[in-house]
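The structure appears right after this line, and notes come after that.
The values are calculated or read from the model by the stated rules, or taken from the named source; none is laboratory data. If you're wondering where the values come from, they're calculated on a predicted model, not measured in any experiment. Please note: Cβ atoms are built from the backbone with ideal geometry, for glycine as well, and neighbour counts cover all protein chains shown. Protein only, heavy atoms only, side chains kept; ligands, DNA and RNA dropped before computing areas. Shrake-Rupley method; radii C 1.70, N 1.55, O 1.52, S 1.80 Å.
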Amino acid sequence: SCVDGYVYLDRLSWDAYHEAGDPPGQIEAYHERHGCYPESVHADKIYRTRANRAYCKQRGIRLSGLRPGALPQDAGELAELKAQVHADELARIPVEGKFGNAKRKGTLARIMAKLVHTAECVIHVGMITMNLDKKLAELLRVLMTRLAGWLLGADGRFQALGAEDPQVRTRSSQPDFAALTTWA
């Protein structure tokens, strides 16, 4: 599962099984991690079984996709439903992209471990690496924002180092960009 760009490995199995029964366990894992149920679950068509829809409805969770049965006859309601389905599909794009990232950057395309336990360790390390990469990007964004705020004064202009007041700056304390662009 993917929450706010962070990935979680809720189930890892080497046996063939039908994945349609996974959502209740993943939703409960979300509840344990965050203390509440998600507002909506964006899932492929295979997960929209009658049991999963009932499970989500019982907990007030909206399951993405069209509900079974006839579509609404009201044009406004139909347009609203189609817009919601389209928005849900757009929300799934980053989730599907995480699979590509895991294979490309998270080494999940190159698992060469021979033992089951070792292969599982490689998979978990790949997930941890992806989450650390996301956290590092967030921290760098915050650092760059604060650095830009520190270098730019209240007036939005570059503050030369050592000049406390913008009125005190001398011409020599300002960078001469024209001199940098002239050719000798």
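For region 85-124, the set of residues classified as acidic (Asp, Glu), out of contact with any His (no Cβ under 9 Å at 6 or more places or on another chain) and in contact (Cβ under 8 Å) with a residue 24 or more places away in the chain consists of GLU120 only. Quick check, is GLN73 out of contact with any Leu (no Cβ under 6 Å at 6 or more places or on another chain), farther than 26 Å from ASP4 by Cβ and either small (Gly, Ala, Ser) or open to solvent by 40 Å² or more (accessible area, probe 1.4 Å) (or both)? The answer is yes for GLN73. The requirement of being farther than 23 Å from TYR8 by Cβ, open to solvent by less than 70 Å² (accessible area, probe 1.4 Å) and either of a type in the set (A, V, I, L, M) or out of contact with any strand residue (DSSP E or B) (no Cβ under 9 Å at 6 or more places or on another chain) (or both) is satisfied by LEU78. Just one of the listed residues (VAL7, VAL3, VAL41) is in contact (Cβ under 8 Å) with a residue 40 or more places away in the chain, open to solvent by less than 60 Å² (accessible area, probe 1.4 Å) and among the aliphatic types (A, V, I, L, M), namely VAL7. Considering only residues in region 52-70 that are open to solvent by less than 70 Å² (accessible area, probe 1.4 Å) and of a type outside the set (Ser, Thr, Tyr), the one that is nearest to PRO23 (Cα to Cα) turns out to be ASN52.
Scanning region 68-84 for residues that are modelled with pLDDT of 75 or more, under 20 Å from LYS57 (Cα atoms) and hydrophobic (A, V, I, L, M, F, W, C) yields a count of 2.
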